[in-house]
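Participant: Quick one: this structure, given as structure tokens, is what I'll be asking you about.
No value in this document is a laboratory result; all are computed from the given coordinates. This one's a predicted model, so the numbers in the text were calculated from it and none came from an experiment. Every residue, glycine among them, receives a Cβ derived from its backbone with ideal geometry; neighbour counts consider all protein chains shown.
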Amino acid sequence: MNVYMFTEGNEVNAMSGNYRTVKVMDIDFFNTSMNAFLKHIVYPDLANGNRSFIVTANPEFVIETRDHPEFKKVVQSADYVLADGVGIVNAAVLMGHPLPERVSGIDVMYRMLDHASKNGYSVFFLGASEDSNKKAVENAGKEWPGLKVAGRHDGYFDPADESIVDMVVDSKPDIVLVALGMQRQEKWIADNIGRFDKGVFMGVGGSFDVLSGKAQRAPKIWIRLQLEWLYRLIQEPRRIKRVMRVFEFMLLHTPVLKHLMRMFGYSTTKPRGKS
Ligand code: UDP
């Protein structure tokens, strides 16, 4: 894999420092801005017919990797892990290795769809409920006219059912967006990417639900105030357990408090209670 130094034009600050990745809780985050990532990685990968696996991870996701070693291995097998959360960016700053900005998965997905429609790349949409998947594909076609849809399928299938992956492989997609929820989608990609000759693969969580209009994205002001997690919690109160993991992540990266957390058996690398 190449090491990209993003130092041209107005992208001088696209990569901070001379390191390619920044480690947060055993996960190597790719040290890039959104624009640099698209321009220097995704677009060339598409043009060259490369195969790549992109993970977008937020604090909750990282805690999940700590508590599930198998999942951690899956994430560590990805080509690029992006910092999809201000919590990750803030933690990197506190560790003295700042990342340039948050690179949100849904925005990467939108930019890829835009690029695909302009350059004739085909996209497979895998995941979400049948209604949401269908509507997301319809809306994508309206938003980006001419978008080539390699195929689509809802996300409620048995992972052991080979016919689904056969269908995706046969459609020869340039981009595969997988919306099966955290863990399931990354595992699906890691298990199946070897069957494809080319393709940019990315887990996109609840993004099809936003594209279909089934779910609302937080208004910009909430995002700017770093409160997107609270907005999602208000929309879906059942996420409370997941939000607790965001607090755990924050405490584990707060000076002074992190030592207290360790005394209570919380670790940044080992499953809870095993430090
Ligand atoms: N989903 C799916 N198959 C499943 C479980 C979930 O396709 O077996 C979809 C679900 O319909 C939703 C997305 O995966 O569209 C997960 O959304 P969530 O907000 O939970 O994403 P996460 O935060 O886990 O990435």
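Participant: For LYS214, list the aspartates and glutamates whose Cα falls under 20 Å from its own Cα; do not include residues on the same chain fewer than 8 positions away.
Facilitator: Within reach: ASP107, GLU130, ASP131, GLU138, GLU143, ASP154, GLU228, GLU236.
Participant: What nm distance separates the two modelled labels at GLU236 and ILE221, each placed 7 Å from Cα along Cα→Cβ?
Facilitator: Here the modelled spin labels are 2.5 nm apart.
Participant: Only Lys, Arg, Asp and Glu count, each charged at its Cβ (+1, +1, -1, -1), so figure out the dipole size of region 94-202 about its Cα centre, rounded to 20 debye.
Facilitator: The calculated dipole for region 94-202 is roughly 380 debye.
Participant: Ordered by packing density, taken as the mean number of other Cβ atoms within 10 Å over each peptide's residues, highest first, how do 177-183, 108-114, 256-262, 46-52 rank? Please list the in-between numbers first.
Facilitator: Values: 177-183: 21.4, 108-114: 19.6, 256-262: 12.1, 46-52: 14.0.
Result, highest mean Cβ count within 10 Å first: 177-183, 108-114, 46-52, 256-262.
Participant: If you don't mind, there's one more thing I want to ask. How far, in nm, would the chain grow between ASN35 and GLU130 when pulled straight, counting 0.36 nm per residue and subtracting the alpha carbon separation?
Facilitator: 31.0 nm
Participant: To continue, here is another question. Rounded to the nearest 20 debye, what is the charge dipole size of the chain about its Cα centre when +1 sits on each Lys and Arg Cβ and -1 on each Asp and Glu Cβ? Before the final figure, lay out the partial values.
Facilitator: Numbers: 35 positive and 32 negative charges, 178 e Å.
Around 860 debye, computed over the chain.
Participant: Still on this model: How far, in nm, would the chain grow between VAL149 and ASN48 when pulled straight, counting 0.36 nm per residue and subtracting the alpha carbon separation?
Facilitator: That pair, VAL149 and ASN48, stretches by 34.4 nm at full extension.
Participant: Also, I was wondering about something else. Would you list, by chain and number, the lysines whose Cα falls below 30 Å from the Cα of LYS270, excluding same-chain residues fewer than 8 positions away?
Facilitator: LYS23, LYS72, LYS73, LYS187, LYS241, LYS258
Participant: Quick one: if the Förster radius is 22 Å, what FRET efficiency do LEU251 and ASP107 give, using the C-beta to C-beta distance and rounding to 0.05?
Facilitator: 0.20
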